[in-house]
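Structure first, commentary second.
The values are calculated or read from the model by the stated rules, or taken from the named source; none is laboratory data. Owing to the predicted nature of the structure, the values given are computational and were not obtained by experimental measurement. Reconstructed Cβ throughout: ideal geometry from the backbone, glycine too, with neighbour counts over all protein chains shown. Side chains included, ligands, DNA and RNA excluded: accessible areas come from the protein's heavy atoms. Shrake-Rupley method; radii C 1.70, N 1.55, O 1.52, S 1.80 Å.
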Amino acid sequence: MKRVGVLAASCLALVTATFVTGAAQQVGPATGESLSQSYRGSQSDNVAYQKVSPIKVFDNLYYVGPGSVSVWLIPTSDGVILIDTAQEPLVDHVIDSIRKVGFDPKTIKYILLTHGHLDHFGGAGKIQALSGARVAALQEDWTLIETAYKNPGRGNQDRGVPFTRDVVLREGQDLTLGATTLKVYKMPGHTPGSASFAFTVYDNGRPHKALVLGGPGQRNGVEGGTQFLESIRRLKREFADVEVPVHVHSYLTTYPVPSGGTVFEPAQQLARRKPGEPHPFVDNGAWRRWLDVAEAGTVKYVDEERQKAERTRAK
């Protein structure tokens with residue numbers, strides 16, 4: 001397969017905001033927004049703006065998603081692993097991005113879903129139909145996905161091509177394709193079955209420990225908050241040495257990173273990187289600081305949700 005090395009060099013241009021003259025509407029971050037924030041904020045409904053170019057981040061990790069939600073491609077010696085799929089109307093953009101980085105979508109062997117929210121699984125049916133890939137998620141979030149197809153939900157959003165339960169992932173499972181192995185971890189709290197994946201990325205052959213964190217913020221009141229707090233504390237105990245946090249959104253709305261974003265801001269630095277300089281996506285210190293912020297924020301969230309529940313019971 002062709003490797004498109006120029007993508008990293010050109011990503012500075014692709015993540016630089018553009019503006020439309022002669023019109024009242026600004027196409028780019030609003031005042032006070034970071035670039036990554038704009039994809040989930042002021043420009044969240046701008047389909048053309050969401051169609052960012054793909055980025056080669058490491059030897060074996062590519063960003064092929066739209067601006068707002070991550071889709072990660074991991075090439076192996078026996079085909080491609082795709083993590084999440086985005087949703088309509090941006091699934092064809094994901095497929096085009098896969099081709100742009102030199103891979104045939106028909107070589108996708110696994111589609112791993114981090115969790116059962118539409119913006120992450122909405123393209124799985126179309127990509128599975130194109131590639132014949134196996135679709136994998138944890139048990140609890142297969143239930144969420146199935147419920148989403150049974151009930152229209154908010155705004156009657158396009159759920160894309162329906163697909164059925166396939167591979168059920170398990171905590172601690174090794175998923176191997178070719179010479180690449182990802183270990184599966186259940187990290188609930190964002191959803192009951194949020195999946196995280198640990199693997200090794202390579203920077204010009206140099207290995208780094210990476211972790212895809214399947215759900216970067218708590219939901220669902222005391223129960224979900226308590227689950228997420230347990231997941232964060234597990235991450236602090238067992239995964240404090242992660243060098244490359246691989247996030248499912250370019251901007252984390254619950255606990256934003258100080259740099260303004262998890263994808264496009266470091267990608268701008270990557271485009272300017274000179275030989276011998278550190279890789280901007282390799283940042284264990286930032287990972288540890290984010291865990292501290294997430295833990296403190298979740299403690300506060302759970303406490304507030306408990307107080308709300310107590311007030312409700314007292315009425």
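Each peptide in 268-279, 45-56 receives the mean, over its residues, of other Cβ atoms within 10 Å, and ordering these scores from highest gives 45-56, 268-279.
Note on the range 106-225: percent of Cα-Cα distances in each 10 Å bin, starting at 0 and stopping at the bin with the largest distance, equals 13, 40, 34, 11, 1. Cα-based radius of gyration for the range 43-107, normalised by 2.2 N^0.38 Å, reads 1.06.
Once the 1.4 Å probe is applied to the protein heavy atoms, the range 201-315 comes out at 51 Å² accessible per residue.
Calculated FRET efficiency, LYS209 to GLU310, Cβ-Cβ distance, R0 = 41 Å: about 0.45 to the nearest 0.05. Considering only VAL94, VAL293, VAL201, the Gaussian network model of the chain with Cα springs below 10 Å gives its largest mean-square fluctuation to VAL293.
Based on Cα contacts under 8 Å between residues 6+ apart, the range 97-153 shows a relative contact order of 36 percent. Within a straight-line Cα-Cα reach of under 20 Å, LYS315 can be paired with the following aspartates and glutamates, leaving aside sequence neighbours fewer than 8 residues apart in one chain: ASP303, GLU304, GLU305.
With coordinates expressed along the principal axes, the C-alpha atoms belonging to the range 112-179 extend over 42, 27, 16 Å, beginning with the largest. Across the range 161-315, C-alpha contacts under 8 Å between residues 6 or more apart give a mean separation that, scaled by the residue count, equals a relative contact order of 18 percent. Value of Rg to Rh for the range 59-161, rounded to two decimals, is 0.96; Kirkwood radius and Rg both from alpha-carbon coordinates.
Which residues in the range 156-189 have a backbone N closer than 18 Å to a point placed 7 Å from the Cα of GLU88 along the Cα-to-Cβ line? Those under the cut-off are 156-164.
The portion of the accessible surface of the range 89-132 made up by carbon and sulfur, rounded to a whole percent, is 49 (1.4 Å probe; DNA, RNA and ligands excluded). Solvent exposure of the range 87-143, expressed per residue, is 32 Å² of accessible area, with all protein chains present and a 1.4 angstrom probe. For the range 101-199, calculate the relative contact order in percent as a whole number, restricting contacts to Cα pairs under 8 Å that are 6 or more residues apart. Reported relative contact order: 27 percent.
The peptide list 306-312, 164-170, put in order of mean Cβ contacts within 10 Å with the highest first, becomes 164-170, 306-312. The translational diffusion coefficient of the range 201-315, from Stokes-Einstein at 10 °C and 1.306 mPa s with a Kirkwood hydrodynamic radius over alpha carbon pairs, comes to 101 µm²/s. Taking 0.36 nm per residue of separation and subtracting the current Cα-Cα distance, fully stretching the chain between SER77 and LYS183 would add 36.4 nm. Here the range 225-279 is treated as a Stokes sphere of Kirkwood radius computed over C-alpha pairs; at 37 °C and 0.692 mPa s its diffusion coefficient rounds to 247 µm²/s. Restricting to bridges with both residues inside the chain, how much of the DSSP beta-bridge set is antiparallel, in percent to the nearest 5? Within the chain, antiparallel bridges account for around 65 percent of the total.
To check you understand DSSP bridge types, tell me what percent of the beta bridges within the range 129-265 (both residues inside) are antiparallel, rounded to 5.
In the range 129-265, DSSP labels about 70 percent of beta bridges as antiparallel.
Solvent-accessible area assigned to carbon and sulfur over the range 137-248 amounts to 48 percent, based on a 1.4 Å probe.
Extension gain for LYS150 to ASN220 (0.36 nm times residue separation, less C-alpha to C-alpha distance): 23.1 nm. As a ratio to 2.2 N^0.38 Å, the alpha-carbon radius of gyration for the chain is 0.98.
Put simply, the amide H of LEU138, placed in the peptide plane, has neighbours under 5 Å in LEU169, leaving out anything fewer than 5 places away on its chain. Using only alpha-carbon positions in the range 166-245, the gyration tensor eigenvalues give semi-axes of 25, 16, 9 Å once each is multiplied by 5 and square-rooted (largest first).
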